[in-house]
1. Looking at (1) touching a Phe, Trp or Tyr at 6+ places or on another chain (Cβ under 9 Å); (2) of a type in the set (Val, Ile, Thr); (3) modelled with pLDDT of 90 or more, find the lone condition where Ile171 falls short.
2. Filtering segment 180-190 down to residues that are touching a Gly at 6+ places or on another chain (Cβ under 9 Å) and not in a loop (DSSP other than H, G, I, E, B), which residue is modelled with the highest pLDDT?
3. Determine whether Ser46 is assigned to a loop (DSSP other than H, G, I, E, B), assigned by TED's automatic domain parsing to the domain that holds Leu29 and either under 13 Å from the mean Cα position of the chain (by Cα) or touching a residue at least 60 places away in the same chain (Cβ under 8 Å) (or both).
Amino acid sequence: MVFYLLALSILSILAQYSFSCPDGTIEGLSPSQCYLLKSTPSTWLSAENFCKQNGGHLASVSSVFVNNFLKGAAQAAFFNTGTFWLGKTKMFTGKWTWSDGSNSIYDNWAQGQPLNTAGLDCLSEHVPSGSWYSESCDLTKPFICEVPQGGTPQPISTTQNTPPQCAGNAIYYAPSGKCFHIFNGTYSWYSANDYCATNYGGSLGSAHSQAENDIIASKMASPIQNVG
């Protein structure tokens, strides 16, 4: 009987430990929801990568109650007025999906949103309205991760998501691992391709998805630049 009671006590302690949110996070509307709020402005990809390092993803929203909770948490942690990143994007597939794979049909887009404009592929939530906006993923904003129970949040890196193989001010597109260099000037197609080969060891850019095409288009200062 003593052993049985001792076993129950140990299980109770383990349960309390296993089902608690990590230090530095806040509990959501249920004990299984843990949120990590980061005020350091980051691009959407840098924010998502940070969340992954902590075992989670940028937060997804399943209901008006969750949306209002995250809005209130952001208002308390970040600012009275502004926007922060959540996990919805069409950067990878051309369709709006949550980075954690959830299938929530709830949305709270502001009137006229999301905009059908190239490069506005990531979702931000506005404080204090709670409305959603489609914005450039390269903007830097605070963000909210949803992370699993247990574990220890890692310190955020201030290094942007540009790998060392991308020289200069190249644009890195993570899904394909490509570096895009945008250049201005008047070139024939062949001259432009030679320029890419001579200076970067590559060729004129190619887009293999709508999301990749949108990334390139969003960085082009004028419609005269060459894409292969």
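1. The failed condition is (3).
2. In this case the residue turns out to be Trp189.
3. Criteria not met by Ser46.
The values are calculated or read from the model by the stated rules, or taken from the named source; none is laboratory data. Predicted model only: the values in this text are computed from it and were never measured. As a convention, Cβ positions derive from the backbone with ideal geometry for all residues, glycine included, and neighbour counts pool all protein chains shown.
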